Amino acid sequence: MMKFVAAAAKPFDVPTIVSLNTIMIDGTGMCGGCRVKTRDGFRFVCVDGPEFDAHKVHWNNLLTRMAFYRSEEHESMERWREGHKCNLESAVADGVK
Ligand code: FES
């Protein structure tokens, strides 16, 4: 949606700031999981954002990266729907401290 808001605002020269919600792993700027390509170069959402100038974001690159783990996310969601079992709750129920 943010891509299309940026595209709608662009012809009117409206400054547009977006808050990106990318894949994050460590949140420290070291893993590169949240890397986003912009006209100013690569940026990390966790340390450089999450707000960015929407007109500088390379949206197609971002959307491709966001879809990278889609099959794993789908598989995980299916397993959760089939019945999530929390290992921590099981351990506590078994008396493990
Ligand atoms: S989450 Fe690892 S670099 Fe941003």
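Hand me the tally of lysine pairs in the chain: alpha carbons under 28 angstrom apart, and the pair either on different chains or 8 or more positions apart.
Summing the qualifying lysine pairs gives 6.
What's the local net charge at R65, with K and R +1, D and E -1, over the other residues with C-beta under 15 Å away? Provide the component values of the computation, followed by the final result.
Details: positive: K3, R35, K37, R43, R70; negative: E72, E73.
Taking every other residue near R65 into account, the sum is +3.
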**Item:** Most fluctuating residue given options D26, D40, D53, as computed from a GNM of the chain linking Cα atoms under 10 Å
**Value:** D40
**Asked** Between I23 and W80, what FRET efficiency comes out of the Förster formula 1/(1 + (r/R0)^6) with R0 = 22 Å and r the beta carbon distance, rounded to 0.05?
**Response** 0.75
**Request:** Considering only DSSP beta bridges where both residues belong to the chain, give the percentage that are antiparallel (nearest 5).
**Result:** 100
**Complete:** One finds, for L88 and F42 with R0 = 35 angstrom and r their Cβ-Cβ distance, a FRET efficiency to the nearest 0.05 of 0.45
**Request:** May I ask you to list the residues of the range 50-71 whose amide nitrogen lies under 16 Å from a point 7 Å from Cα along the Cα→beta-carbon direction of V14?
**Result:** 53-56
**the chain: most fluctuating residue of K37, K85, K56 per GNM, C-alpha cutoff 10 Å** = K85
**Prompt:** So what does the Cα-only Debye profile of the range 57-97 read at q = 0.16, 0.35 Å⁻¹, as log10 I(q)/I(0), no solvent term?
**Reply:** -0.61, -1.02
**Request:** Starting from the amide H of C31, placed 1.01 Å from N in the peptide plane, find each other amide H under 5 Å away whose residue is 5 or more places distant or on another chain.
**Result:** D26
**Request:** Using only the Cα atoms of the chain, each taken as one equal point scatterer with no solvent, compute I(q) by the Debye sum, divide by I(0), and report log10 of the ratio at q = 0.10, 0.12, 0.17 Å⁻¹.
**Result:** -0.42, -0.55, -0.83
**Complete:** Interchain or sequence-distant (5+) residues whose placed amide H lies within less than 5 Å of the amide H of T38 are R43, H58
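Which of the chymotrypsin sites (Phe, Trp or Tyr not before Pro) across the range 12-97 are loop residues per DSSP, with 16 or fewer other Cβ within 10 Å?
F68, Y69
Computed from the coordinates by the stated procedures, all read-outs in this text should not be read as laboratory data. Since the model is a prediction, treat every value here as computed from it, not as a measurement. Quick reminder, even Gly has a Cβ in these numbers, built from the backbone with ideal geometry, and neighbours come from all protein chains shown.
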